[in-house]
1. Select from B:HIS71, B:HIS101, B:HIS159 the residue whose mean-square fluctuation is largest in a Gaussian network model of chain B (Cα-Cα springs shorter than 10 Å).
2. For a distance above 24 Å, tell me the whole-number percent of Cα pairs in region B:219-348 that qualify.
3. If the elastic network links every pair of Cα atoms under 10 Å, which of B:VAL171, B:VAL219, B:VAL362 fluctuates the most in the Gaussian network model of chain B?
4. Please arrange A:PHE53, B:PHE8, A:PHE192 by how many other C-beta atoms lie within 10 Å of their C-beta, fewest to most.
5. What's the extension gain from A:LEU155 to A:ASP176 if we count 0.36 nm per residue and subtract their Cα-Cα distance?
6. Rounded to the nearest 0.05, what FRET efficiency do B:GLU395 and B:THR331 give with R0 = 25 Å and r taken as the Cβ-Cβ distance? Could you check?
7. Taking the simple approach of a point 7 Å from Cα along Cα-to-Cβ for both A:ILE539 and A:PHE421, what is their distance in nm?
8. Which one of B:GLY145, B:ASN88, B:HIS183 is farthest out on the positive end of the charge dipole of region B:43-297, using unit charges on Cβ (Lys, Arg +1; Asp, Glu -1) and the Cα centre as origin?
Amino acid sequence: MLNFDALYFTNQSVGLLNICRISDIYVKEAYQITMHQLNQKHSEVRLACLLIFKELFQRSHYFRELLVADFQDFSKLVLDIDARSPLPPPPAALKQLKVTAMKMIKEWYEVYGEAYKKLKIGYLYLKKSKAVDFEDMEARSAQERRRIQEKEERLLALKQVKLKTLMEELSSEEADLIDCSTQIENGFELLFPDEFSLKEPSKCAGPSDSDTLDFRAHGITNNATFNLVIEVQTTQTIHVTEDNREIIKCVQDQYRLLTSRFLPAVFKWNIRAAKLGADERLQKKILDLKLKVELAIKKYQELNFSSCNTELDSSSESDLETVADLDNYENQVTEVISDNSDELEYSRPRTVGSPAKKKKKVDNERRLPLDIDSYESSQSNIPVPTFSRNPVESYWVQDPESGLAATVDLVTHPVELDEAFCPVKWSCRAPLPSGKLCPRNDRKKCPLHGPIVARDELGHPKDPSSVRSSKKPAIPDWQEPALLAEIKAATGVDLTIPTKGKRLKKNKFPNLTDVKALNNTSRSRLEKKVLKKSTMRKISK
Amino acid sequence: MNDVEAIFSLKTGLLDARKFRSNQATKRISALRLSNFQEVENSHSAGINTIDLEKVEGRYLLSGGADGSIHIHDVLNLSGNLQFTCKNVGKIDRQSNRHCHKYSVECVQWYPLDTGMFLSSGMDKNLKIWDANAQVPADVVLVNGKIYHHHMSPNATQHNLVAVASTANQVFLADLRSGSTTHELRSHTSSILSVKWSPMQEFQLASGSMDNRLLMWDVRAARSCLFSMDQYNGRNHADVEKTTAHNGNVHGLSFTADGLFLISVGTDCRMRLWNTETGRNEMVNYGKISMESKKGTRFDISSDTEPQMIFVPSQGNILVYELTTGIKRATLLGHYNTVTCCAYNENVQSLYSGANDRNILVWAPESAEAIREEPVNKGAALGPRSIVPRRNLTEDAWSSDEG
């Protein structure tokens, strides 16, 4: 982002103004150069030009005439009025450009509109025909405004639909919910007809003078303190009997329904209604329902219903089989784990999986299918099949008399190897950037990390001399960024060594935002490849 | 010769009155600029395709828009004040008048001898003859094709024909007395964009077309056309089929007031001057005039000045050329979109122009000094604001500290 510090800018522009005041020739030159720059596809450049225009416009009559003559082009470049040539990025500068231009044009019109007719006409033209709203300081173009309006309308319609579905859902579920909670309520009333009296604290009918008890009379000194802890049974237990079993069962069922279905639903409705901005009536209704559900649940939990068992002799008639004790299995598992951890302690040898199993597998692989040449060496006493050349057709056919056609392919023969296969017992274990160790099992040399050497737990080689320093340090020590920055600040020379294979790109305009870099997103790069013309052509074929 | 001397010699008879008049007109026209005092009330809601100023009084300006509306403005300043806005005195649009054109109006023209009647035509293939006072059509002529242009002879005494240029390849002649088309002039091979009656020979007619040809007709003649204008003045001048007037569509035509010359503009960005007697190209080089209009471009000629001036719309500007030499005298800047038409007012040497930016602008001979004059009605200016010295807005304002 350019620094449009007013003071900085005025300092810079004073020089320009000093030149321009000498003669109109310079004004014209300045105008042409700035107008040329205004055509750049970079909003920051345009904004800078606009500020120069502002300085010159309020000073030079000739400049005003020049600009007013080209006012149409000018307005196209600084205002978002031409759909065919939208304002260039970066977006932040674009917005600032629009706002600044609008403010400026309005100001010019107010001050100079009377003297420069074309400016006045231009202002009115922009206002009427191009629908530029000079009062709207957000500098939204007509299309933008329309787009926003359309979006709002769409959202509103969507909201209405959602609200409607919510209402429908609510009206359909409400009856069930109320039904459910009423059942619970009624159940409670049936089970605890005197519920309210239970809840009320029983009044103590003790003597009133007991408060002024003389402790001394009981042999207790006045300054002694004591604590009396009285445990009060807050939870009520229900004894299941034949009479109330059905009621309890019903209440439990309804509770299950309430917690699993209605409670989440009510919460969801509440959130949805708040999001959609439903009217107060609906929200209140939902809140009432929510309170009702929560109250019922709370009461249920207070009364400790879940503890009462309504099943008839459930423990004796259980169909479930006893599960075998897991202790044994756990022991085995812990053993294996401890073994492995012991092995990990060693620096080099490490095995993966069971070695015996692997060897067996390898041995199996080494039984090659039988071919003609190896019949001689084969120890099996299968007769050698004979092939005769078919005189008519030029391919080998099996002698039909041998009768062993089916078995030939299945017969294998062992191949003698000089040494027995010995699986690799170690891994490379060089430290990886991820913090793990290289898990490759190579016999002698890891293709990534070189010869396999003994390493400690962190993956550093035990013998430092074994690691040849094949590479020189990539950057000399004087290439420290801090030092380079210091040198650059002092002498203005950038001594950074360019990275190999890359040419040092000199940013010509360090104060400008790189517009190309803004477009260089992963999406655009991918698009370039995926939507390439040649690729598309290939696909369409 | 300054004004005082000119008046003196006029009084002593040393100077011809007509000469004096044309001198003054020429002087005024060279000072033509966007008027600071006059403006036309902005009533159009779409681009303006055509305007016409009546010749009788030079008072009423007719304009047709792309939305099918027709407006009439009174341009005569009777207020006695420099500051003047031309009021809209007549409006025919969809809201107010059911007889309004359905599509874009392409051409409007006053009846040459009276302001009681005018003609309009447009893309709805209708040529409407309006009663200007009642604002209802007296007659409607349906033509076979979308109408680009029509013209009524300014000096005809023996006929009442209106020539109509349309997308059909013929020029139709509509007779106002019968209210129907009487002739078809066939020779063009493509849409006709412009027609004009000669102000000298009342039966002569010129037509420019999309087939790049410019033909001269005598409507009495039995054969197809008198001759075709040849831009190269070649030997096969008589070969109507082969000669071309432009290397692009011929989309604007105008006779000079004496009828001796014809000017045409084309989409090849050229303007050509033709001798109407011989059909020769006069080979005046006006340079390149960029015009993007695919439809007609209406330009005008000042007949009262010496030399005569042509006002040609060129995109957003109006160019002023000398007729005989082709020298560009001025560029009039003011419009914000393509200028489509202009009309010259001989009485006060001012120019009216219409453009796609919905504005009709007035160009008047106002000198730079005149702008700085105080308004005429001093009474209004005697408010508290007059105490504050008004800054002269057209002067440089270099602040003194920048030295």
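Every number here is computed from the coordinates shown, using simple stated rules; none is lab data. For clarity, every value in this text was computed on a predicted model and none was experimentally measured. Cβ placement follows ideal geometry from the backbone for every residue including glycine, while neighbour counts extend to all protein chains displayed.
1. B:HIS159
2. Distances greater than 24 Å cover 29 percent of the Cα pairs.
3. Fluctuation is largest for B:VAL219.
4. Ascending number of Cβ neighbours within 10 Å: B:PHE8, A:PHE192, A:PHE53.
5. Result for the pair: 4.4 nm of gain on full extension.
6. Between B:GLU395 and B:THR331 the formula returns 0.55.
7. With each label placed 7 Å out from Cα toward Cβ, I get 4.5 nm.
8. Among B:GLY145, B:ASN88, B:HIS183, the one farthest towards the positive end of the dipole of region B:43-297 is B:GLY145.
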